[in-house]
1. Could you tell me how many of the residues in region 26-45 are part of a helix (DSSP H, G or I), surrounded by 10 or more Cβ atoms within 10 Å (Cβ to Cβ) and modelled with pLDDT under 90?
2. Could you list, in sequence order, the residues of region 46-58 that are more than 20 Å from D128 (Cβ to Cβ) and free of Cβ contacts under 8 Å to residues at least 60 places away in the same chain?
3. Among the numbered criteria (1) at pLDDT 90 or above; (2) part of a helix (DSSP H, G or I), which single criterion is violated by E48?
4. Is at least one residue of region 81-97 hydrophobic (A, V, I, L, M, F, W, C), over 16 Å from A151 (Cα atoms), in a strand (DSSP E or B) and at pLDDT below 95?
5. Within region 58-84, how many residues turn out to be open to solvent by less than 80 Å² (accessible area, probe 1.4 Å) and within 15 Å of the chain's Cα centre (by Cα)?
Amino acid sequence: MKRICWLLILTVSPIIESSSSPETSDQLLFENLVLSPAVSDNLALLFEQFDTELVLCLEGERRGPDLYVTDFRMPHIIVSETGRVQAAGCDVRRGSVGTWHNHPAPASGITRVSSHLLARNCYLSRTDVADFRRRTDALVSVVSCGPRTFAYWKRGDLEAAPEDAAVLPPPEGQLLRYEIAEDDRASALTQARER
């Protein structure tokens, strides 16, 4: 009887350990971040409408080596000011894979700011880094610094970052600028119906 008990313990304990352990670092890795066209268009629109910071919960899934963002939700926003945003957490059960927030263009009195100047505003602040570290279920943190310019950080990008870094610039290849595709055939879903 003792032998059967030990055999059961030895057989079941690895199964229990694997099911209760947090996600391994391999499960948190992805190669590229891919935003659906609808998400990228809506993020660009939102960026242009706010001069204070805003945060969104990104939703999506892993597809092979890539992380696809297919939708987003706005959590309860507690504080939204220039240079600071505080919001409720994102719900992983709804498919949340990380967060997006904006760094609005600095008010410089210039009506048209170059994309290079905007790109200098794509970074994670000390608060952003601490928030990303705290949200252990988040795979990605995205910062938009222009309507169609954003940077992203993977969970692994924080491992090399010093704990007391005041600013974390985007890793090489993770600052992206994209253009809207001009299409004469507008979708019926985006057209207002004529009455």
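1. Adding up the residues that qualify gives 2.
2. Residue satisfying the conditions is Q49 alone.
3. (1)
4. At the first step, the residues of region 81-97 found to be hydrophobic (A, V, I, L, M, F, W, C) are 85, 87-88, 90, 92, 97.
After this cut, where a residue has to be over 16 Å from A151 (Cα atoms) as well, the list is 85, 87-88, 90, 92.
Now narrow it down to the ones that are in a strand (DSSP E or B): 85, 87.
Right, trim to at pLDDT below 95 and you get 85, 87.
Yes, region 81-97 has at least one match.
5. To start, the set of residues in region 58-84 that are open to solvent by less than 80 Å² (accessible area, probe 1.4 Å) comprises 58-60, 64-72, 75, 77, 79-80, 83.
With the extra rule that they be within 15 Å of the chain's Cα centre (by Cα), the set shrinks to 58-60, 66-72, 75.
The total comes to 11.
The values are calculated or read from the model by the stated rules, or taken from the named source; none is laboratory data. Please read these numbers as outputs of a predicted model, since none were measured by experiment. Cβ atoms come from the backbone with ideal geometry, glycine included; neighbour counts cover every protein chain shown. Each accessible area value is taken on the protein alone, full model and side chains, heavy atoms only, with ligands, DNA and RNA left out. Shrake-Rupley method; radii C 1.70, N 1.55, O 1.52, S 1.80 Å.
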